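Comments concern the structure below.
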Amino acid sequence: MVSDVHGNAKDLARAGEGADALICLGDLVLFLDYADHSRGIFPDLFGEENADRLVELRTARRFDEARELGARLWAGIDRAPAIEKAVRKQYAELFAAFPAPTYATYGNVDMPALWPEYAGPGTTVLDGGRAEIGGRVFGFVGGGLRTPMRTPYEISDEEYAAKIEAVGEVDVLCTHIPPDVPELVYDTVARRFERGSRALLAAIHKTRPRYSLFGHVHQPLTRRMRVGATECVNVGHFASSGRPWALEW
């Protein structure tokens, strides 16, 4: 189980060794590495100094200034084709690293429209759907909720709740973002609360899955806790650790 791969194709190629299947909870794309500002699409286009400044503004929650900086840098550049070209390069490498079978859903920085071009026959993409893996029923909901960051795959609370409802009762509920629990959504390095899902939390209380698995928050205050009968686990920031989280039964 991996999440928040953010360009780490080298370790991804080994992540499924010894497992019946690999599950990926999204954020394959690396737009900007908050730990190493020299890595990602943004510094490749605009340099590390501008990446330093962007991270500084976002960390201080000065989102209007961050957007103004971005607008100045993108002026004169056809943004959509430039980003798509860079994302395609990353997706070609990352999807090639997936073992068979892989079950994957989208993260908030992913571009779902491109996934069908790169997902091979051994990769099953699910978003608001279910799959049986090893005799257990897994449900998958991808993407994130809308934020001032305006990442590519953010959707409304209502649309997200509808996908959670469509999944229904499962043994393992797999999402990119965590349930809306303060200890699970607070990032101790970014020093901010990320958006978690109230609909996901309600579903955990109602349907009582054995596990709720997610990523999104790279350095959470709490990586694992019980909510009622459900074990809630942040499976980790794979880009930095290079280590998958193993689910065994």
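A51 fulfils the conditions (1) part of a helix (DSSP H, G or I); (2) open to solvent by 60 Å² or more (accessible area, probe 1.4 Å) except for a single criterion, (2). Restricting D44, D4, D20 to those that are of a type in the set (D, E), touching a residue at least 24 places away in the same chain (Cβ under 8 Å) and closer than 20 Å to H176 by Cβ reduces the list to D4. Within region 21-30, not a single residue is open to solvent by 30 Å² or more (accessible area, probe 1.4 Å) and of a type outside the set (K, R). For region 215-249, filtered to residues that are open to solvent by less than 40 Å² (accessible area, probe 1.4 Å), in contact with a Ser or Thr (Cβ under 6 Å, 6 or more places away or on another chain) and part of a loop (DSSP other than H, G, I, E, B), the residue that is nearest to L184 (Cα to Cα) is G215.
The set of residues in region 172-204 being farther than 21 Å from L126 by Cβ, open to solvent by less than 30 Å² (accessible area, probe 1.4 Å) and either in contact with a strand residue (DSSP E or B) (Cβ under 7 Å, 6 or more places away or on another chain) or at pLDDT 95 or above (or both) consists of V181, L184, V185, D187. Within region 14-41, being of a type in the set (D, E) and closer than 17 Å to G107 by Cα holds for D27, D33.
Scoring D33 on the criteria (1) modelled with pLDDT under 95; (2) touching a helix residue (DSSP H, G or I) at 6+ places or on another chain (Cβ under 6 Å); (3) within 30 Å of A246 (Cα to Cα) leaves a single failure, condition (2).
Scanning for something of a type in the set (D, E) and assigned to a strand (DSSP E or B), does region 189-207 turn up at least one residue? Checked region 189-207: no residue is of a type in the set (D, E) and assigned to a strand (DSSP E or B).
The values are calculated or read from the model by the stated rules, or taken from the named source; none is laboratory data. The structure presented is a predicted model; accordingly, all values stated were derived computationally and were not measured. We place every Cβ from the backbone using ideal geometry, glycine too, and count neighbours over all the protein chains shown. Heads up: the accessible areas ignore ligands, DNA and RNA and are worked out on the full protein's heavy atoms, side chains in. Shrake-Rupley method; radii C 1.70, N 1.55, O 1.52, S 1.80 Å.
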